[in-house]
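The next block holds one structure in the form of structure tokens; read it before the comments.
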Amino acid sequence: MGVENQIRAESECLSSSEIDELWKLFSAIHTIWGNDTACRVEDMASRWREFIELKVSETPSYLKRYTAACDLLSDLRASHGDGLYQYLLVDGELHRQSDPGLVNLKRNVIDEFILVYVSSGGFRSFGGKNYTGFVSGSRFRSQRTYRTYEDA
């Protein structure tokens, strides 16, 4: 890798404080909606980091979006304090905002983090299980079948 490309690659990274800020947001999703007995957010950390690295390094890059999101999160923390994540993840106010920065934060960061959380194992917090059978249902008789022959 040439020096020019190496400098460019180093400049196209999130700082450790920005990564920490984004991780706090991801962890807040687990804190508010998750369940520590079903899954642990720490177990999702490596998959989340890979997701962030891909979003920053691939085209289109989310670097500017994530940097702007971190700046906005800092500003929002100053105005909302401890209620920041309640405002972002639970209250309906964010959906009614017209501020482009907040809309970008919601659509491109928060919503995608929720998808990553659910697909990385967070579905277990809601009682989800891996599918263990075919169309007729589970191969384990302890679980009720989805549909019987008579229902069809």
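The values are calculated or read from the model by the stated rules, or taken from the named source; none is laboratory data. Model, not experiment: these values are computed from the prediction. Here the Cβ positions follow ideal geometry from the backbone for every residue, glycine too, while neighbour counts run over all protein chains shown.
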What is the residue count in the range 13-40 for residues that are touching a helix residue (DSSP H, G or I) at 6+ places or on another chain (Cβ under 6 Å), at pLDDT below 90 and over 16 Å from S119 (Cβ atoms)?
2
Is it the case that the range 92-105 has a residue that's out of contact with any Phe, Trp or Tyr (no Cβ under 8 Å at 6 or more places or on another chain), closer than 22 Å to L14 by Cα, without any contact (Cβ under 8 Å) to a residue 12 or more places away in the chain and of a type in the set (D, E, K, R)?
no
Inter-residue pairs, beta-carbon under 9 Å, first of a type in the set (V, I, T) and in the range 54-71, second assigned to a helix (DSSP H, G or I), 6+ apart
V56/L63; V56/Y66; T67/E18
